[in-house]
1. Could you give the nm distance between label points at residue 208 and residue 270, where each point is 7 Å from its Cα heading toward the beta carbon?
2. So for the pair residue 24, residue 317, with labels modelled 7 Å out along Cα→Cβ, what separation do we get in nm?
3. Leaving out ligands, DNA and RNA, what percent of the accessible area of the range 86-183 is carbon and sulfur, probe 1.4 Å?
4. Of the listed pairs 41/112; 22/278; 41/222; 179/289, which have alpha-carbon separations greater than 28 Å here?
5. Determine the share of the range 1-63's accessible area contributed by carbon and sulfur atoms, expressed in whole percent, with a 1.4 angstrom probe.
6. Return the aspartates and glutamates within reach of residue 225: Cα separation strictly under 16 angstrom, same-chain partners fewer than 8 residues apart disregarded; answer none if there are no such residues.
7. Note down the net charge around residue 195, summing +1 for each Lys or Arg and -1 for each Asp or Glu among other residues with Cβ under 12 Å from its Cβ.
8. I'd like to check one number: the per residue accessible area of the chain, probe 1.4 Å, reported in Å² as a whole number.
Amino acid sequence: MFMMVKLIAWGYKNVVKRMLFKLDPELVHDHMISLSAKISKNSVIKRVMRWIFRFDDKRLEQNVCGLHFKNPVGLSAGFDKNAEVHNLMYDVGFGFEQVGSVTLGAYEGNPKPRLHRLKKSEGIVVYYGLKNIGVDNIIPRLKVRSDKDLLLGVSIAKTNCSATAGLENGVEDYFGCVKKVVEAGVGDFYTINISCPNAFGGEPFVDVMSLGALLARLFELKIDKPVFIKMPLDMEWLDFKKLLDVIVRYPVAGVVIANLLKDRGNAGIKDVVTDDMKGGISGRPTSQKSNELIRQTYKEYGDKLVIFGVGGIFSAEDAYEKIKCGATCVQLITGMIYEGPQLVGEINRGLVRLMERDGYSNISEVVGTGA
Ligand SMILES: Cc1cc2nc3c(=O)[nH]c(=O)nc-3n(C[C@H](O)[C@H](O)[C@H](O)COP(=O)(O)O)c2cc1C
């Protein structure tokens, strides 16, 4: 099996990716989603994929916020915007998936082109702007779950339009979407995305007063599932900490660190990024800053908030580093696009190898050991 996975990794990097990377990135993404959606309905292919890709080991299992995670590796928000492929992600090897971001109103997305590959930097410039078909259309899809062991987080954002730009309207838009998801009982946990860099009016809730107003309103709802907040990346620690100080005043379970990178002067960016390539950057350039924020958050808020770490995970070593910084679970997208779908199983297998090397018997023992 190990040799077959190595062969798939080689084939993806040297054949499949070379072909796909010649095509428009959004076209490739759309085709991958529709192919995966079809495959997810075929139980035979699902079983074969699970046999090839998935790696399970008791030492990777954890109970977090009352939920049982089969492994700590999740699909980050933005890949499966409209809940089309969650019924294949267990077979690919994930422990959980963040669906969305979902919004109250549908949005067709910002003007194209809205994806650019940064091949040398191993990143993507993303300018979707919260494209999705709207919560009412997504809820019925979230009710169909073939693999209960794959935990589903519903990522919820503010509808991207001028009508929700003001504080009050913005709060009510989030509230309306969360209410629908809570009442429908879909998903195992919720993530409030306050940090999309590509939305009309910027990120108004990356601000102490507005975030406080938002959380006060959201927790008027009886929410009986864990709530996470998706944090911004481009923030100095002291400003980031101010947001955390607001967050810990509410029954928030944890934070997802972090969203896309806005700083184009980041040392990890090795490609020319022109002004017409609008959007935030994913992948390797996000990694270092994300690790710093995770480490600081763990040191000061590790007893109050669970951390999900995301940004630039391309290997088991990258995932292990984030866990050592303080992340209980990790999430990824770009690594899978650059390395192939076998990456998820490889990371889980590699985590067990690294734990054996360092003498740990469960992944939870690793959390924060490098903070
Ligand atoms: C194509 C794409 C779309 C994304 N859309 C969203 C989104 O809708 N909501 C969100 O919270 N994050 C979104 N993100 C950010 C990712 O969830 C993640 O935080 C970021 O890409 C860093 O992880 P990575 O380096 O593993 O890709 C998106 C990322 C990509 C690449």
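1. It works out to 4.1 nm between the two label points.
2. Once both label points are built, they end up 3.8 nm from each other.
3. Heavy-atom surface of the range 86-183 belonging to carbon and sulfur, 1.4 Å probe: 52 percent.
4. 41/112; 41/222; 179/289
5. Summing carbon and sulfur atoms, their accessible area is 68 percent of the total for the range 1-63.
6. The reachable aspartates and glutamates, counting only those whose Cα sits under 16 Å from residue 225, are 97, 183, 188.
7. Taking every other residue near residue 195 into account, the sum is 0.
8. So the chain comes to 41 Å² accessible per residue, rounded to a whole number.
The values are calculated or read from the model by the stated rules, or taken from the named source; none is laboratory data. Note that the structure is predicted; figures quoted are calculated from it, not measured. Cβ coordinates were reconstructed from backbone atoms using ideal geometry, including for glycine residues, and neighbour counts include every protein chain displayed. The protein model used for the area step is the full one, side chains on, heavy atoms only, and it has no ligands, DNA or RNA in it. Shrake-Rupley method; radii C 1.70, N 1.55, O 1.52, S 1.80 Å.
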